[in-house]
1. Sort 506-517, 99-110, 427-438, 380-391 by packing, meaning the average of other beta carbons within 10 Å per residue, with the highest value first.
2. Out of all Cα-Cα pairs in the stretch 149-264, roughly what percent, to the nearest whole number, are more than 22 Å apart?
3. I'm checking a number: the convex hull volume of the Cα atoms of the stretch 250-517, normalised per residue, in Å³. What is it?
4. Compute the relative contact order of the chain as a whole-number percentage, counting only Cα pairs closer than 8 Å that sit 6 or more residues apart in sequence.
5. To the nearest 0.05, how large is the calculated FRET efficiency for residue 52 and residue 142 if R₀ is 41 Å and r is the Cβ-Cβ distance?
6. Rank by packing, highest mean first: peptides 137-143, 114-120, with packing defined as the count of other Cβ atoms within 10 Å averaged across residues.
7. Quote to one decimal, in nm, the extra length available between residue 275 and residue 310 on full extension: 0.36 nm per residue of separation minus the C-alpha distance between them.
8. Taking a cut-off of 13 Å, what percent of all Cα-Cα pairs in the stretch 201-254 are separated by more than that?
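Every number here is computed from the coordinates shown, using simple stated rules; none is lab data. Here the structure is a predicted model, which means the values were calculated and not measured. No Cβ is skipped: glycine too gets one built from the backbone with ideal geometry, and neighbour counts run over all protein chains shown.
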């Protein structure tokens with residue numbers, strides 16, 4: 001061996017490395033020796049005073065210290081007694097797909113206690129409150145009716161639904177502990193002290209938020225993510241290409257389709273009542289009332305606590321869900337009186353039609369207000385009103401051929417044309433979404449298009465086939481086969497239209513199911 005060179009000390013180096021304790025081991029050892037008291041360990045991780053006006057408490061996550069050990073997740077779950085599978089704090093991974101600058105970063109996320117919280121703005125029963133002093137957004141469990149709209153309104157999907165309790169729950173920054181001078185569970189549990197509570201100015205939020213996450217301008221989240229390193233601009237969530245089907249919300253599927261059918265039927269019955277015999281108009285109104293009542297009953301089945309539904313008007317000032325409930329609540333008595341009144345006044349018919357159509361608009365705004373690309377008003381509005389046109393016109397055809405009375409031939413042609421137009425508008429609206437398939441950017445719309453063509457491709461093809469058969473072929477066959485030549489029910493063509501409306505209903509129910517399961521929200525990594 002050459003002089004001056006020392007022999008390798010591999011064994012000694014390995015033993016020395018193993019002798020160094022990890023952060024978790026140091027944390028555990030300090031606890032075992034009783035060194036971790038509130039005064040010696042945690043007081044520097046929380047503010048020692050309440051925020052001054054214009055400021056609030058906020059989480060601060062040091063990305064350089066976070067190792068992804070999930071001690072914060074476990075501590076939050078244990079301390080708050082969460083259900084199996086329920087988590088108020090989660091971890092995710094940011095990665096760079098630029099081979100010239102490889103990078104990955106573990107992140108810890110929870111409720112961001114936003115300045116303008118979407119959950120609070122969307123709740124129809126005021127089950128959320130933002131503390132005027134600390135800025136903490138709390139969920140009031142005893143007020144919640146389990147509508148789950150706050151989950152859709154939150155861009156970060158922070159609130160979690162508990163099926164066993166029938167309510168939504170979320171992180172409240174362990175406010176009782178915090179105000180008592182004790183650090184929240186996640187802060188105490190982190191062995192690297194990567195999480196702390198800080199005070200931020202309400203006007204200076206969003207500047208230190210996480211890249212590759214939902215737009216902070218939507219709700220102004222207060223969480224600060226800090227790092228001494230410069231985060232690459234190419235950072236993306238490691239799971240951004242994952243396609244996840246969303247909850248189907250079957251009661252809402254039936255509610256939306258049936259209330260929109262009722263709105264279409266009431267509109268056509270009122271608009272053409274001067275040209276139609278009274279029995280036909282009466283049958284239109286009866287079908288509409290049955291659809292409206294069934295749809296509203298179905299909506300109640302979606303609630304975790306349906307007995308509290310009567311309080312849904314409380315959020316009228318901010319929540320589109322409250323507005324929808326109030327508008328349809330007004331529509332129902334108008335519709336009942338209008339349906340069973342022998343000589344209904346003109347204003348009653350106008351009130352029924354306006355409230356029914358306003359309810360459809362509120363339904364569209366509910367989903368537009370969630371800031372999801374698949375649910376924008378430009379897509380949802382035409383889709384919902386086209387459903388009202390399609391099912392309202394084919395239902396009117398059913399009434400014309402099933403009631404005693406001679407319907408004018410031109411109106412039957414008008415209803416048949418409206419049926420075709422309603423379906424074509426829906427098809428054109430959906431085709432605009434499918435164009436995102438070729439974008440290859442894994443945006444919300446691109447992932448929705450991937451699901452509609454791939455995993456749910458068969459459902460979409462069945463839905464289109466039902467729409468073509470019931471909304472195009474059957475009305476065309478009716479017109480070509482010949483219209484009724486005399487008064488009285490035309491049972492030969494009634495069966496044709498009944499089959500057509502059944503196919504249309506099936507197609508619309510499938511389309512509305514796809515509306516829920518295929519939407520892809522922007523979300524936090526993980």
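1. Working: 506-517: 21.9, 99-110: 16.6, 427-438: 14.4, 380-391: 23.5.
Per-residue mean Cβ counts within 10 Å order the peptides as 380-391, 506-517, 99-110, 427-438.
2. On the way: 3852 of 6670 pairs.
In whole percent, the long-distance tail amounts to 58.
3. Given the Cα convex hull of the stretch 250-517, per-residue volume reads 122 Å³.
4. Reported as a whole number, the value is 17 percent.
5. On the way: r = 31 Å, r/R0 = 0.76.
After rounding, the FRET efficiency stands at 0.85.
6. Order by mean packing, descending: 114-120, 137-143.
7. 8.6 nm
8. Roughly 72 percent, rounded to a whole number.
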